[in-house]
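Single-structure report; data block below.
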Amino acid sequence: MSNPRYMVDMQMYQQIHVDNNPPVRKYGGPDVTEAISRNDPFSLLLPATIHGFGFHDKKWRTLSVKHLSDIKWNTEAFKHLVLHHTKKDLIEALIFSHNSVIVPTSTDVIEGWSV
């Protein structure tokens with residue numbers, strides 16, 4: 001696979017690998033200077049390496065932060081899904097109704113006078 005995908009989920013990694021957490025380095029080394037060369041300010045807050053779960057091989061790997069990038073979503077993928085059109089319509093309706101749920105901001109009859 002030329003471009004594998006990884007999921008970064010530190011909470012799950014730490015739950016699975018309780019005794020396997022490496023000690024945190026106290027001083028920045030050469031790998032810190034690699035991260036500084038990036039234009040993304042968020043990457044400056046990250047360590048040089050981070051753990052990620054590979055979807056292609058189902059294994060946790062140590063990934064270099066300088067090679068990480070945002071997900072590029074394929075918005076046309078649902079149109080190419082091979083599924084009966086009634087099931088696709090049902091799935092699309094469920095997703096649409098889930099995303100359009102409106103949470104009431106207040107149930108007060110008179111603003112500020114809740115019981």
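The values are calculated or read from the model by the stated rules, or taken from the named source; none is laboratory data. Not measured: the values here are computed from a predicted model. All Cβ positions, even for glycine, are placed from backbone atoms using ideal geometry, and neighbour counts span all protein chains on display.
Side notes on the structure shown:
- Screening E76 with (1) over 23 Å from the mean Cα position of the chain (by Cα); (2) at pLDDT 85 or above gives one miss only, at (1).
- Residue in the range 60-67 that is part of a helix (DSSP H, G or I), modelled with pLDDT of 80 or more and either exposed (fewer than 10 other Cβ atoms within 10 Å of the Cβ) or not basic (K, R) (or both) present: yes
- Set side by side, the residues T49, T107 differ, and just one is modelled with pLDDT under 75 and out of contact with any Asp or Glu (no Cβ under 6 Å at 6 or more places or on another chain), which is T107.
- Picking from residues in the range 23-42 that are closer than 24 Å to S2 by Cα and not in a loop (DSSP other than H, G, I, E, B), the one that is modelled with the lowest pLDDT is A35.
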